[in-house]
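Take a look at the structure set out below.
The values are calculated or read from the model by the stated rules, or taken from the named source; none is laboratory data. Note that the coordinates shown come from a computational prediction; the quantities given were computed from them, not determined experimentally. Cβ coordinates were reconstructed from backbone atoms using ideal geometry, including for glycine residues, and neighbour counts include every protein chain displayed. Surface accessibility is based on the protein's heavy atoms, side chains included, excluding ligands, DNA and RNA. Shrake-Rupley method; radii C 1.70, N 1.55, O 1.52, S 1.80 Å.
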Amino acid sequence: MKWNHIGIKTADMEKSLNFYCGLLGLRQLEVVDILGKKFYFVGNDDFSIEIEEGNPTDTQAAMGSSTGIYHMSFTVEDIRGLVRKLRDSGVLVIFDPLQPRPDRWTSFIQGPDGEFIQLIEYV
């Protein structure tokens, strides 16, 4: 078995695409139309994220107080620089980079639909 993708429902497609592609540096891989609904796949050579438009009655998941998927994690090369860029762009930084283990720095941010994203830089 190999990893394929994770799916996110968004309240604002433009905001999500800007966040994942514009701020995090992923690229739009493809757009798939299924029964009249568009699904956007963003990612890189290692993984992809499927983003679909939510329904008007959908409510945002409370990532910190719900069971199930809690966060996703990305390995990055310059955690301090990325966190600074994200904060300057209005992204909520849950906590600044810290070193919980000798081999890595980590930080958590919140995506445009409340999703928790862990950033890890290996040293």
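Out of all the residues in the range 70-123, which are among the acidic types (Asp, Glu), surrounded by fewer than 17 Cβ atoms within 10 Å (Cβ to Cβ) and under 23 Å from residue 48 (Cα atoms)?
77, 78
Look at the range 86-123 and say how many of its residues are of a type in the set (Lys, Arg) and over 15 Å from the mean Cα position of the chain (by Cα).
2
Taking only the range 30-57 into account, find how many residues are modelled with pLDDT under 95, open to solvent by 90 Å² or more (accessible area, probe 1.4 Å) and in contact with a strand residue (DSSP E or B) (Cβ under 7 Å, 6 or more places away or on another chain).
Qualifying residue count for the region: 0.
Taking only the range 51-68 into account, find how many residues are closer than 14 Å to residue 110 by Cα and among the β-branched types (Val, Ile, Thr).
Matching residues across the range 51-68 total 0.
Which of the residues belonging to the range 1-29 are part of a loop (DSSP other than H, G, I, E, B) and either of a type outside the set (A, V, I, L, M, F, W, C) or open to solvent by 100 Å² or more (accessible area, probe 1.4 Å) (or both)?
Of everything in the range 1-29, those that are part of a loop (DSSP other than H, G, I, E, B) and either of a type outside the set (A, V, I, L, M, F, W, C) or open to solvent by 100 Å² or more (accessible area, probe 1.4 Å) (or both) turn out to be 1, 2, 3, 4, 12, 25.
Can you tell me which condition residue 32 does not meet? The list is (1) assigned to a strand (DSSP E or B); (2) touching a residue at least 40 places away in the same chain (Cβ under 8 Å), and all the others hold.
The one condition residue 32 does not meet is (2).
Mind listing whichever residues of the range 41-68 are in a loop (DSSP other than H, G, I, E, B) and either in contact (Cβ under 8 Å) with a residue 24 or more places away in the chain or in contact with a Lys or Arg (Cβ under 9 Å, 6 or more places away or on another chain) (or both)?
Across the range 41-68, the qualifying residues are 44, 47, 54, 55, 58, 60, 61, 62, 63, 64.
Testing residue 61 on (1) more than 14 Å from residue 118 (Cα to Cα); (2) modelled with pLDDT of 95 or more; (3) among the hydrophobic types (A, V, I, L, M, F, W, C); (4) open to solvent by less than 70 Å² (accessible area, probe 1.4 Å), one condition comes back false. Which one is that?
(2)
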